[in-house]
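Each remark here refers to the structure printed beneath this line.
The values are calculated or read from the model by the stated rules, or taken from the named source; none is laboratory data. Note that this is a predicted model, so its numbers are computed, not measured. In this analysis, Cβ positions are derived from the backbone assuming ideal geometry, glycine residues included, and neighbour counts consider all displayed protein chains. The area values use the complete protein model at the heavy-atom level, side chains included, leaving out ligands, DNA and RNA. Shrake-Rupley method; radii C 1.70, N 1.55, O 1.52, S 1.80 Å.
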Amino acid sequence: MKLPDGLQYELFEGGQYSKFVLTGPFSNLPAASGRVWEIVSKSDIMVRPDFAIESYVTDPRVTPEDKLITEILVPTA
């Protein structure tokens, strides 16, 4: 697989994730992610040391900004 310069491919095992959903513009992602980690830190959710994932569910080329859906996935044990 040929990737652009500065990017690398890394395969990881995956596993269980807790999903949080943001509906709205991508510019809200920093605040939403911060809130997710705040919720996780105050809960009994056991987080494992792995990659957190942002999954962009809708296509911003055809979806109105206020209808964009992004899943914030937190690696849980």
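Quick one: is residue 7 open to solvent by less than 60 Å² (accessible area, probe 1.4 Å), at pLDDT below 95 and in a loop (DSSP other than H, G, I, E, B)? Write out each step before concluding.
Working: open to solvent by less than 60 Å² (accessible area, probe 1.4 Å): no; at pLDDT below 95: yes; in a loop (DSSP other than H, G, I, E, B): yes.
No; evaluated as a whole, the condition is false for this residue.
Being of a type outside the set (Asp, Glu) and touching a Pro at 6+ places or on another chain (Cβ under 6 Å) is the filter here, so list the residues in the stretch 18-51 that pass it. Explain how you work it out, then say what you get.
Taking the stretch 18-51 first, the residues of a type outside the set (Asp, Glu) are 18-37, 39-43, 45-49, 51.
Scanning the stretch 18-51 gives a single hit, 48.
So which residues in the stretch 10-52 are among the acidic types (Asp, Glu) and modelled with pLDDT of 90 or more?
Once the filter is applied, which keeps residues that are among the acidic types (Asp, Glu) and modelled with pLDDT of 90 or more, the stretch 10-52 yields 38, 44, 50.
Among (1) part of a helix (DSSP H, G or I); (2) of a type outside the set (Asp, Glu); (3) under 14 Å from the mean Cα position of the chain (by Cα), where does residue 39 come up short?
(3)
If I filter the stretch 11-19 for residues that are on the phi > 0 side of the Ramachandran plot, part of a loop (DSSP other than H, G, I, E, B), without any contact (Cβ under 8 Å) to a residue 60 or more places away in the chain and open to solvent by 80 Å² or more (accessible area, probe 1.4 Å), do I get at least one hit?
Going residue by residue through the stretch 11-19, those that are on the phi > 0 side of the Ramachandran plot are 14-15.
So of that shortlist, the ones also part of a loop (DSSP other than H, G, I, E, B) come out as 14-15.
Those left that are additionally without any contact (Cβ under 8 Å) to a residue 60 or more places away in the chain: 14.
Subset that is open to solvent by 80 Å² or more (accessible area, probe 1.4 Å): none.
No, there is no match, as no residue in the stretch 11-19 is on the phi > 0 side of the Ramachandran plot, part of a loop (DSSP other than H, G, I, E, B), without any contact (Cβ under 8 Å) to a residue 60 or more places away in the chain and open to solvent by 80 Å² or more (accessible area, probe 1.4 Å).
Give the number of residues within the stretch 29-43 that are surrounded by 15 or more Cβ atoms within 10 Å (Cβ to Cβ) and of a type in the set (Val, Ile, Thr).
Qualifying residue count for the region: 2.
Out of all the residues in the stretch 60-74, which are outside any strand (DSSP E or B) and closer than 15 Å to residue 24 by Cβ? Give the derivation first.
Initially, the stretch 60-74 is screened for residues outside any strand (DSSP E or B), giving 60-68.
Residues satisfying the conditions are 60, 63, 64, 65, 66, 67, 68.
Cβ contacts < 7 Å: first residue free of Cβ contacts under 8 Å to residues at least 60 places away in the same chain and farther than 23 Å from residue 23 by Cβ, restricted to the stretch 40-57; second residue hydroxyl-bearing (Ser, Thr, Tyr) and surrounded by 10 or more Cβ atoms within 10 Å (Cβ to Cβ), any location; separation 6+ or different chain. Result?
Listed pairs, sorted by first residue: 46/76; 47/76; 48/76.
I need the full set of residues from the stretch 44-77 which are under 9 Å from the mean Cα position of the chain (by Cα) and open to solvent by 70 Å² or more (accessible area, probe 1.4 Å), in order please.
Start the filter on the stretch 44-77 by keeping residues that are under 9 Å from the mean Cα position of the chain (by Cα), which leaves 52-56, 70-74.
Within the stretch 44-77, 54, 56 meet the criteria.
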